[in-house]
Structure formats: structure tokens, C-alpha cells
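The values are calculated or read from the model by the stated rules, or taken from the named source; none is laboratory data. Predicted model only: the values in this text are computed from it and were never measured. Quick reminder, even Gly has a Cβ in these numbers, built from the backbone with ideal geometry, and neighbours come from all protein chains shown.
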Amino acid sequence: MTNKTPLLIMLPMMILLHGEPPLWAAPPPDHPTVDQAARILDIPAQPPVHRGTVLEVFDSNNYSYIRVSHPQEQERWLAAPRTPLSVGTLIRYGEGTRMENFYSKVWKRTFPVITFVGEVVIDPNPGGPP
């Protein structure tokens, strides 16, 4: 028996108790890559014209799901190529493509409204103009 065996035995129990899939969960067979999704959704390359503060973030395979403050809507969910972010980070992002009732197969969660963006960038000038 190796040192890894207890972890392998405990992992399924940890997942059941925590209630969420692991970050390394394999996507479903028909799940598009980030690049395929961008083409399918026709997400054009756009300048990061919007600004917001990260309120919540979780990663799923190649995507980051980001709940961000937004001046006109109070909050907005974004889906972007996986980006290392933390709560409180000021970010910028483009218009993206808005989808309603988007269901994440990995998280088994429906987002009433989510905006798919080509990229999210950390605001290099947090004190500057919006």
C-alpha cells in the first residue's frame, strides 16, 4: 500500500461531502474547447471596455466563471478562458456574447444570464478612469 492509497479512498467521500465536482473533472464528450466555443458563439476580439470587481470566481476545465460587479446591472456573470483571479480584483472585459439559461454540465448549474467573453484582463490602472 502506498501513501497515495488513503487519498484515493478519501477523495470520493470528500467530493460527496463538499457537493461540487473537482476542478480537474473531465468535460462531457460533446463539450467544446474555449476556442471552439468562441467560434460557435461568434465572440469577436473586443477591447476590454467594461470594468468590474470580482465578487466570486470558480474554474471549470478551461473556463473561469466570474461574478463581477457591474455599474448598470449591479452584478454580472462572465465565462472566460481560464484566468487566475481572486475576489476583489478589478478587471476589464469586452462586450462578449450574452446567453440566457446557460446550463453548465460540469457544475450542474443554470446561469439565468451569462456573458461569454474572449478574455478578462486585470486592470493595470485600478485608480484610473473607467
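Being hydroxyl-bearing (S, T, Y) and more than 17 Å from R51 (Cα to Cα) is the requirement here; does T110 meet it?
For T110, the condition - hydroxyl-bearing (S, T, Y) and more than 17 Å from R51 (Cα to Cα) - is met.
Filter the range 62-96 down to the residues that are touching a helix residue (DSSP H, G or I) at 6+ places or on another chain (Cβ under 9 Å) and not charged (D, E, K, R) and list them by number.
N62, Y63, A79, A80, P81 - these are the residues of the range 62-96 that are touching a helix residue (DSSP H, G or I) at 6+ places or on another chain (Cβ under 9 Å) and not charged (D, E, K, R).
Out of (1) closer than 14 Å to V49 by Cα; (2) crowded, with 21+ Cβ neighbours inside 10 Å, what's the single condition that is false for Q72?
(2)
Could you grab me the full set of residues in the range 77-98 that are more than 18 Å from S60 (Cα to Cα) and not polar (S, T, N, Q)?
Of everything in the range 77-98, those that are more than 18 Å from S60 (Cα to Cα) and not polar (S, T, N, Q) turn out to be G88, L90, I91, R92, Y93, G94, E95, G96, R98.
Run N61 past the list (1) over 14 Å from the mean Cα position of the chain (by Cα); (2) at pLDDT 60 or above and report the number of the one that doesn't hold.
Just one mismatch for N61, condition (1).
Among the residues of the range 80-108, which ones are touching a residue at least 40 places away in the same chain (Cβ under 8 Å) and of a type outside the set (K, R)?
A80, P81, I91, Y93, G94, E95, G96, T97, M99, S104, V106, W107
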